[in-house]
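The values are calculated or read from the model by the stated rules, or taken from the named source; none is laboratory data. Since the model is a prediction, treat every value here as computed from it, not as a measurement. Because the Cβ atoms are built from the backbone with ideal geometry, glycine has one as well, and the counts that use them run over all protein chains shown.
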Amino acid sequence: MNRKLFWIAGLSGLVFAFACVTINIYFPAEKVESVAGEIVKDVRGQKADEKEKPPKDGKSSLFQRSLLALAPATVWAEDATTVSNPTIRGLKDKLKSNYSQMKPYYQRGMVVEGNNGYVSLRNTDALNLKERRDLNNLADAQNQFRRQLYEEVAKALKIDPSQVNRVAEIFAKEWQKPVR
């Protein structure tokens, strides 16, 4: 009987140990933030922050050139967090086109950015029926394109599809930043 209880307790302990194992899903928030900032600036027609590059004036001393020849070469390439594929580029173009049409409504406070990464309409009473319908259609299209963009970014960064809402929330912070 003691031996039987020992085996049951041992098996129960193993089952408990395996049941308590948690799986951590890696979520690259910093990469998503970087990509979001880049895409939002592109959609809004803002210039991306220029990376500091070495001077090209050719006025460096012989000593400086000698030191540079000994140092490892620096490559000025795109950031590793840049995400692009034909689908993302197409979605950015569609978002850009819609944004340019919606910009006057943003300025009048009729279109606002939500915390969920999507636009919503407010105070559209001043618009006539046709204008309101057109703006609704633009906002719906914008939200549909954004949803597709978030899914594509998640796929490109190898983020689990169940995390698309987190991607959208990170993008929301970028969309909510004032246009410079």
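Residues of the range 165-174 that are farther than 20 Å from residue 85 by Cβ and either charged (D, E, K, R) or surrounded by 21 or more Cβ atoms within 10 Å (Cβ to Cβ) (or both): 166, 169, 173.
When residue 92 is tested against (1) surrounded by 10 or more Cβ atoms within 10 Å (Cβ to Cβ); (2) in contact with a helix residue (DSSP H, G or I) (Cβ under 8 Å, 6 or more places away or on another chain); (3) modelled with pLDDT under 80, just one condition goes unmet, and that condition is (3).
Scanning the range 126-164 for residues that are of a type outside the set (D, E, K, R), closer than 24 Å to residue 37 by Cβ and surrounded by fewer than 12 Cβ atoms within 10 Å (Cβ to Cβ) returns 161, 162. Among the residues of the range 107-125, those that are loosely packed, with under 15 Cβ neighbours inside 10 Å, of a type outside the set (A, V, I, L, M) and either in a helix (DSSP H, G or I) or in contact with a strand residue (DSSP E or B) (Cβ under 7 Å, 6 or more places away or on another chain) (or both) comprise 107, 114, 120, 122. Checking each residue of the range 123-136 against the condition of being in contact with a helix residue (DSSP H, G or I) (Cβ under 6 Å, 6 or more places away or on another chain), in contact (Cβ under 8 Å) with a residue 40 or more places away in the chain and not aromatic (Phe, Trp, Tyr) gives no match. Residues considered: 123, 85, 116. Of these, the only one that is touching a Gly at 6+ places or on another chain (Cβ under 7 Å) and modelled with pLDDT of 55 or more is 123. Here residue 162 meets the list (1) modelled with pLDDT of 95 or more; (2) within 30 Å of residue 27 (Cα to Cα); (3) not in a loop (DSSP other than H, G, I, E, B) almost entirely, failing just condition (1).
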